[in-house]
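Where a number appears in this text, it was derived from the coordinates with a stated rule and is not lab data. The model shown is predicted, which means the values in this text are computed figures rather than measured ones. We place every Cβ from the backbone using ideal geometry, glycine too, and count neighbours over all the protein chains shown.
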Amino acid sequence: MIPDKFPEDDNFDLDRLEQKWNKISVAYRDQYPELKEDDLTYRQGEFDLMTERIAKKTNRNRESIWKEIRNWEI
């Protein structure tokens, strides 16, 4: 399960990550065309499941997905 806060950044919590995702999801899909719409959608409280799907499809781990979303330039 995704932590409420990232260990290396106490100021970046799950709510902020979800808000950022809503802003970058279209650009993220453009960056990773192998991802389908179903891979990139989530319901409230299931953000960790979405990042797990992305990690599997892109052969990475969830932590790298969280960091990528967090650091994505808007």
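Classify segment 33-74 from the C-alpha gyration tensor, please: rounded if a/c falls under 1.5, else prolate or oblate depending on whether a/b exceeds b/c.
rounded
What are the trypsin sites (Lys or Arg not before Pro) within segment 25-74 that DSSP puts in a loop, where the Cβ has at most 10 other Cβ atoms within 10 Å?
43
GluC sites (Glu not before Pro) within segment 19-74: which are DSSP loop residues with at most 13 other Cβ atoms inside 10 Å?
Within segment 19-74, the qualifying GluC sites (Glu not before Pro) (loop, at most 13 other Cβ atoms within 10 Å) are 34, 46, 73.
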